[in-house]
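This report concerns only the one structure given below.
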Amino acid sequence: MNMKGLRRSQRTSALGPKAGALLCRGIWLLAAALATVSCGQTLTSFHPERREWAFDHLTVHQTTGAVYIGAVNRVYKLSGNLTLLVSHDTGPEDDNKACYPPLIVQPCSEPLVSTNNVNKLLLIDYSQNRLLACGSLYQGVCKLLRLDDLFILVEPSHKKEHYMSSINQTGSMYGVIVPSRGEDATLFIGTAVDGKQDYFPTISSRKLPRDPESSAMLDYELHTDFVSSLIKIPSDTLALVSHFDIYYIYGFASGNFVYFLTVQPETENSMSPSGSSADLFYTSRIVRLCKDDRKFHSYVSLPVGCVRNGVEYRLLQAAYLAKPGRVLAAALNISAQDDVLFTVFSKGQKQYHRPPDDSALCVFSIRDINARIKERLQSCYQGEGNLELNWLLGKDVPCTKAVSDADADLTP
Ligand SMILES: *[C@@H]1O[C@H](CO)[C@@H](O)[C@H](O)[C@H]1NC(C)=O
Ligand SMILES: *[C@@H]1O[C@H](CO)[C@@H](O)[C@H](O)[C@H]1NC(C)=O
Ligand SMILES: *[C@@H]1O[C@H](CO)[C@@H](O)[C@H](O)[C@H]1NC(C)=O
């Protein structure tokens with residue numbers, strides 16, 4: 001089966017290339033644009049304290065309308081009219097990426113320099129009225145802040161599970177909180193690891209107890225000698241493709257699944273020692289896991305991108321899950337209650353870190369994505385194609401015909 005991914009070229013043209021071009025700078029532009037929203041006659045704006053302390057993430061509370069911004073060295077809370085309500089400092093602090101465990105836990109002999117704390121994750125935990133903010137300092141520790149006043153509820157940092165990744169690049173990490181009625185929520189986190197695949201899993205699911213003081217905070221959902229709620233990038237993959245990493249651009253929960261949208265270097269045809277990251281071809285992928293799969297056996301991923309007038313757009317820049325309006329729902333043959341995913345891709349497959357201006361806005365229905373994944377799994381169980389998990393398995397592993405349902409398992 002030709003797995004060239006999910007294509008929706010018609011939808012691209014239906015929405016118009018202009019809209020795509022407008023959104024091409026992704027989250028960063030979104031934050032800047034929202035900061036100059038026009039309110040009636042007056043134009044209000046909000047700027048970071050220092051020009052270089054850029055905004056990294058922005059989230060608007062569903063009911064209060066409060067605006068939370070994760071910036072370099074700051075977390076801000078603004079009212080809906082962009083009046084600053086609270087500013088919370090997160091940096092800069094003396095640090096060194098080589099300090100593992102971080103110096104807040106154990107003295108470090110590396111030279112310390114004043115280091116920016118880049119916000120890499122900003123999520124509202126609605127059920128507990130708190131904000132999860134993860135940064136790049138101290139091997140990537142997170143804080144839980146009270147939504148009202150950004151008071152620190154907890155900053156877990158004494159166990160290796162508390163270090164998410166020291167990469168200081170925004171657009172590298174994403175998280176999804178899955179609430180559970182009557183029980184503690186689960187936090188799924190995907191992150192680039194910046195060559196430190198032994199320290200940090202690329203994807204994991206963690207406990208998010210209601211009690212911020214709980215000693216289980218951010219523990220892996222399941223952690224035994226044999227099976228855990230995490231996947232690490234094998235060292236062999238980095239030996240073959242030296243700059244291999246997985247960048248997590250977006251994530252969401254829908255139905256019984258959790259999804260992440262990633263960009264990663266292709267390993268399929270280039271499992272040979274490659275030189276600089278400039279030579280790499282990147283593929284955007286959609287990763288899906290079952291919400292309640294603590295062993296990560298349900299991990300499945302498909303390439304995602306779009307084509308317009310024969311031009312391929314495969315470098316994901318930003319994405320957003322929403323409900324379609326009546327017209328779009330009809331055009332996609334879905335109901336207005338179905339989830340749709342709006343995505344912005346840059347042209348081509350190279351230059352992920354400095355994407356070309358040419359971009360496209362593409363829309364996918366989750367129903368369609370699930371149908372494609374089902375099709376893919378079924379053909380794999382029939383013994384067609386291969387698992388397409390080269391980065392994890394180190395080689396092309398052909399699909400084998402499933403003997404019975406009990407043997408049906410995509411990851412070995
Ligand atoms: C902004 O909103 C706050 C309440 O959310 C209000 O107190 C304040 O007067 C507003 N400021 C402007 C400039 O409209
Ligand atoms: C990220 O780290 C690199 C190298 O350590 C540094 O040059 C760069 O300025 C840092 N980025 C930010 C936003 O501080
Ligand atoms: C629309 O979706 C329904 C099922 O939801 C399907 O039976 C029908 O064939 C679809 N129509 C088109 C034009 O794809």
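So which residues in segment 53-107 are among the aromatic types (Phe, Trp, Tyr) and more than 16 Å from ligand 1 (Cβ to nearest atom), if there are any at all? Give the steps one after another, and end with the answer.
Applying the first criterion (among the aromatic types (Phe, Trp, Tyr)) to segment 53-107 yields 53, 55, 68, 76, 100.
Hits for segment 53-107 are Trp53, Phe55, Tyr100.
On the basis of being of a type in the set (Asp, Glu) and crowded, with 20+ Cβ neighbours inside 10 Å, does Glu388 make the cut? It is true that Glu388 is of a type in the set (Asp, Glu) and crowded, with 20+ Cβ neighbours inside 10 Å.
Filtering Pro101, Pro111 for residues that are part of a loop (DSSP other than H, G, I, E, B), more than 16 Å from ligand 3 (Cβ to nearest atom), at pLDDT 95 or above and over 24 Å from the mean Cα position of the chain (by Cα) leaves a single hit, Pro111. Annotation note: of Thr237, Thr224, the sole residue that is closer than 25 Å to Arg314 by Cα and either in contact with a His (Cβ under 7 Å, 6 or more places away or on another chain) or of a type in the set (Val, Ile, Thr) (or both) is Thr237.
Arg130 meets the conditions (1) closer than 18 Å to Val258 by Cα; (2) modelled with pLDDT of 95 or more; (3) more than 15 Å from ligand 2 (Cβ to nearest atom) in every case but one. The failed one is (1).
One residue stands out among those in segment 29-57 that are modelled with pLDDT under 95 and in a strand (DSSP E or B): the one that is farthest from Leu321 (Cα to Cα), which is Thr42. Counting only helices (runs of 4 or more DSSP H) that sit wholly inside segment 286-396, those with at least 1 residues that are away from ligand 1 (no atom under 16 Å from the Cβ) and within 30 Å of Leu238 (Cα to Cα) are 366-381, 390-393. Consider segment 171-192 and keep the residues that are out of contact with any Phe, Trp or Tyr (no Cβ under 8 Å at 6 or more places or on another chain) and polar (S, T, N, Q). The one that is farthest from ligand 2 (Cβ to nearest atom) is Ser180.
Just to be sure before I move on: is Leu137 free of Cβ contacts under 8 Å to residues at least 60 places away in the same chain and either surrounded by 17 or more Cβ atoms within 10 Å (Cβ to Cβ) or away from ligand 3 (no atom under 16 Å from the Cβ) (or both) in the structure I sent?
Details: free of Cβ contacts under 8 Å to residues at least 60 places away in the same chain: yes; either surrounded by 17 or more Cβ atoms within 10 Å (Cβ to Cβ) or away from ligand 3 (no atom under 16 Å from the Cβ) (or both): yes.
In short, yes.
When the residues of segment 148-195 are narrowed to those that are among the hydrophobic types (A, V, I, L, M, F, W, C) and assigned to a loop (DSSP other than H, G, I, E, B), which ends up surrounded by the fewest Cβ atoms within 10 Å (Cβ to Cβ)? So, considering only residues that are among the hydrophobic types (A, V, I, L, M, F, W, C) and assigned to a loop (DSSP other than H, G, I, E, B), the one surrounded by the fewest Cβ atoms within 10 Å (Cβ to Cβ) is Phe151.
The values are calculated or read from the model by the stated rules, or taken from the named source; none is laboratory data. Predicted model, so just to flag it, every value in this text is computed and none were measured. No Cβ is skipped: glycine too gets one built from the backbone with ideal geometry, and neighbour counts run over all protein chains shown.
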